[in-house]
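Peer 1: Okay, here's the structure, questions in a sec.
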Amino acid sequence: MKLSQIASALHARLENGSPDTEITGLNGIEQAGPGELTFVANPKYVAAARHTKAAAVIVAENFPVIPAATLRVDNPYLSFARALELFHEPLRYAPGVHPTAVVHATAKIGRDAHLGPYVVVDENVEIGEHAVLLAHVVIYRGVKIGDNFFAHAHAVVRENCRVGNNVMLQNGVVIGGDGFGFAKTSDGHWQKIPQPAPVVIEDDVEVQANSCIDRASVGETLIRRGVKIDNLVQVGHGSQVGEDALLCSQVGLAGSTEIGNRVILTGQVGVVGHCKVGDAAIVTPQSGVAHDVPAGALVSGAPAVDHKLWLKYSAILPKLPEIARTVRSRLPKD
């Protein structure tokens, strides 16, 4: 593909390069070679950009001039993602139902659906148009799913859950498994609490591999529009996740957690049940949220506190043995 075609597709301004340069692929700034396109979104890579062997680099409008051809855009990271789409079209699956698929007579499936080997669609299920269900996907009874649903192998949607349009489930996802609810009896045993309430997933959501979103005993577990959930994430029963939130790998939400719009929970963050994380807040890796977090906050640590305060904690921590020795040396002797 010619560089001019890529510039046009990305609405980019081509600078310092030939529009007829042929681009054969994409790569990272340090790995890219002749004929490849790369990008720089972080100013600390200016030196790497000056010495890159790439044929062209996607950069921000205010990025310094470099020897390689540049495509200047407002958001280099987003533009690189769109450039990847130009070179790597998603796999297409022809409409049809595999002979081993089991579809209940009462199920309603929209046009142009692809049902792969050993797919199971139970009674009273409704699925919209252009669905793709790959091998061993199971849709329990009473589920309602919108258009353009894509479920990779071994994804499961449990009974009566509701899923919107343009939703993708990666391999091994379980939507609507029973919430972790048990009541202790007088003799110390655990009595299971029924979990009949559904999970509701709105439009444009992606849930990645082996993540679980649990159903509740009352109310519903709600994943709002545009949420992206990474691998190995646990969303507890009755939780709500706001629009365009990001839950990174190994995040765990206990029951009835409320996550605001555009919140980012980074890797291995845990949130205690019934806590609220306000809109646009960010929680840094391995933090434990045990209380409400205000909108726009940046918090760290366990228990999570304001990030700047946590940096002070972290700076003091290595000095604690020395401080302890000093304190002990000044204590009165018996």
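The values are calculated or read from the model by the stated rules, or taken from the named source; none is laboratory data. Keep in mind it's a predicted model, so treat the numbers as computed, not measured. Because the Cβ atoms are built from the backbone with ideal geometry, glycine has one as well, and the counts that use them run over all protein chains shown.
Peer 1: Can you say whether Q208 is buried (at least 17 other Cβ atoms within 10 Å of the Cβ) and assigned by TED's automatic domain parsing to the domain that holds V132, as far as the supplied structure shows? Explain how you work it out, then say what you get.
Peer 2: Numbers: buried (at least 17 other Cβ atoms within 10 Å of the Cβ): yes; assigned by TED's automatic domain parsing to the domain that holds V132: yes.
Yes; evaluated as a whole, the condition is true for this residue.
Peer 1: Another one. Just name the residue that is nearest to E202 (Cα to Cα) out of those in the stretch 137-146 that are in contact with a strand residue (DSSP E or B) (Cβ under 8 Å, 6 or more places away or on another chain) and surrounded by fewer than 20 Cβ atoms within 10 Å (Cβ to Cβ).
Peer 2: K144
Peer 1: Q31 passes all but one of (1) surrounded by fewer than 18 Cβ atoms within 10 Å (Cβ to Cβ); (2) of a type outside the set (F, W, Y); (3) touching a residue at least 60 places away in the same chain (Cβ under 8 Å); (4) within 19 Å of H88 (Cβ to Cβ); which number fails?
Peer 2: Of (1) surrounded by fewer than 18 Cβ atoms within 10 Å (Cβ to Cβ); (2) of a type outside the set (F, W, Y); (3) touching a residue at least 60 places away in the same chain (Cβ under 8 Å); (4) within 19 Å of H88 (Cβ to Cβ), only one is false for Q31: (3).
Peer 1: Please give the number of the condition A153 fails out of (1) assigned to a loop (DSSP other than H, G, I, E, B); (2) farther than 17 Å from V97 by Cα; (3) among the aliphatic types (A, V, I, L, M).
Peer 2: (2)
Peer 1: Right, something else. Is it the case, given these coordinates, that S239 is closer than 29 Å to I175 by Cα and modelled with pLDDT of 95 or more? Can you show your working first?
Peer 2: Details: closer than 29 Å to I175 by Cα: yes; modelled with pLDDT of 95 or more: yes.
Judged against the criteria, S239 is a match.
Peer 1: Give the residue that is modelled with the lowest pLDDT, with candidates limited to residues of the stretch 34-45 that are farther than 25 Å from E89 by Cβ and exposed (fewer than 14 other Cβ atoms within 10 Å of the Cβ).
Peer 2: Of everything passing the filter in the stretch 34-45, P43 is modelled with the lowest pLDDT.
Peer 1: For H237, work out the one condition from (1) over 20 Å from V157 (Cβ atoms); (2) assigned to a loop (DSSP other than H, G, I, E, B); (3) touching a Phe, Trp or Tyr at 6+ places or on another chain (Cβ under 9 Å) it doesn't fulfil.
Peer 2: That leaves (1) as the condition not met.
Peer 1: Are any residues in the stretch 1-33 among the β-branched types (V, I, T) and either outside the structural domain of N75 (by TED's automatic domain parsing) or over 27 Å from the mean Cα position of the chain (by Cα) (or both), and if so, which ones?
Peer 2: Here is the first cut: in the stretch 1-33, the residues among the β-branched types (V, I, T) are 6, 21, 23-24, 29.
If the condition is that a residue be among the β-branched types (V, I, T) and either outside the structural domain of N75 (by TED's automatic domain parsing) or over 27 Å from the mean Cα position of the chain (by Cα) (or both), then I6, T21, I23, T24 are the ones that fit.
Peer 1: Quick one: in the stretch 152-183, which of the residues that are farther than 19 Å from L253 by Cα and in contact with a Phe, Trp or Tyr (Cβ under 6 Å, 6 or more places away or on another chain) is surrounded by the fewest Cβ atoms within 10 Å (Cβ to Cβ)?
Peer 2: In this case the residue turns out to be E159.
Peer 1: Keeping to the stretch 241-256, report how many residues are small (G, A, S) and out of contact with any strand residue (DSSP E or B) (no Cβ under 9 Å at 6 or more places or on another chain).
Peer 2: Final tally of qualifying residues: 1.
Peer 1: Could I ask something else about it? Which pairs do you get when a residue that is assigned to a loop (DSSP other than H, G, I, E, B), found in the stretch 178-193, comes within reach of a residue that is modelled with pLDDT under 95 and among the aliphatic types (A, V, I, L, M), reach meaning Cβ atoms under 8 angstrom, with the pair 6+ apart or on two chains?
Peer 2: Listed by first residue and then by second, the contacts come to nothing, as the list is empty.
Peer 1: Right, G219: part of a loop (DSSP other than H, G, I, E, B), on the phi > 0 side of the Ramachandran plot and in contact with a strand residue (DSSP E or B) (Cβ under 9 Å, 6 or more places away or on another chain) or not?
Peer 2: It is true that G219 is part of a loop (DSSP other than H, G, I, E, B), on the phi > 0 side of the Ramachandran plot and in contact with a strand residue (DSSP E or B) (Cβ under 9 Å, 6 or more places away or on another chain).
Peer 1: Continuing with the same structure: Quick check on G226: is it surrounded by fewer than 20 Cβ atoms within 10 Å (Cβ to Cβ), in contact with an Asp or Glu (Cβ under 8 Å, 6 or more places away or on another chain) and in a loop (DSSP other than H, G, I, E, B)?
Peer 2: Yes; evaluated as a whole, the condition is true for this residue.
Peer 1: So I213 fits all but one of (1) assigned to a loop (DSSP other than H, G, I, E, B); (2) touching a Ser or Thr at 6+ places or on another chain (Cβ under 7 Å); (3) not charged (D, E, K, R); what number is the exception?
Peer 2: It fails just one condition, (1).
Peer 1: Would you mind telling me which numbered condition in (1) under 20 Å from M168 (Cβ atoms); (2) surrounded by fewer than 24 Cβ atoms within 10 Å (Cβ to Cβ); (3) touching an Asp or Glu at 6+ places or on another chain (Cβ under 7 Å) D214 fails?
Peer 2: If we test D214 against (1) under 20 Å from M168 (Cβ atoms); (2) surrounded by fewer than 24 Cβ atoms within 10 Å (Cβ to Cβ); (3) touching an Asp or Glu at 6+ places or on another chain (Cβ under 7 Å), just (2) comes out false.
Peer 1: Output the residue which, of all residues in the stretch 39-53 that are without any contact (Cβ under 8 Å) to a residue 24 or more places away in the chain and of a type outside the set (A, V, I, L, M), is farthest from L3 (Cα to Cα).
Peer 2: Of all residues in the stretch 39-53, those without any contact (Cβ under 8 Å) to a residue 24 or more places away in the chain come to 42-53.
Right, trim to of a type outside the set (A, V, I, L, M) and you get 42-45, 50-53.
On the way: N42: 23, P43: 23, K44: 25, Y45: 22, R50: 19, H51: 20, T52: 17, K53: 16 Å.
The qualifying residue farthest from L3 (Cα to Cα) is K44.
Peer 1: Just a yes or no: is a residue in the stretch 172-190 of a type in the set (D, E, K, R) and under 13 Å from the mean Cα position of the chain (by Cα)?
Peer 2: Looking through the stretch 172-190, none of the residues is of a type in the set (D, E, K, R) and under 13 Å from the mean Cα position of the chain (by Cα).
Peer 1: Only one residue in I109, I66, I58 is touching a strand residue (DSSP E or B) at 6+ places or on another chain (Cβ under 6 Å), surrounded by 14 or more Cβ atoms within 10 Å (Cβ to Cβ) and not assigned by TED's automatic domain parsing to the domain that holds L133, so which one is that? First the steps, then the outcome.
Peer 2: Numbers: I109 fails: not assigned by TED's automatic domain parsing to the domain that holds L133; I66 fails: touching a strand residue (DSSP E or B) at 6+ places or on another chain (Cβ under 6 Å).
Of the residues listed, the single one that is touching a strand residue (DSSP E or B) at 6+ places or on another chain (Cβ under 6 Å), surrounded by 14 or more Cβ atoms within 10 Å (Cβ to Cβ) and not assigned by TED's automatic domain parsing to the domain that holds L133 is I58.
Peer 1: Another one. Quick check on this structure: which one of A295, A280 is surrounded by 15 or more Cβ atoms within 10 Å (Cβ to Cβ) and out of contact with any His (no Cβ under 8 Å at 6 or more places or on another chain)?
Peer 2: On inspection, the qualifying residue turns out to be A280.
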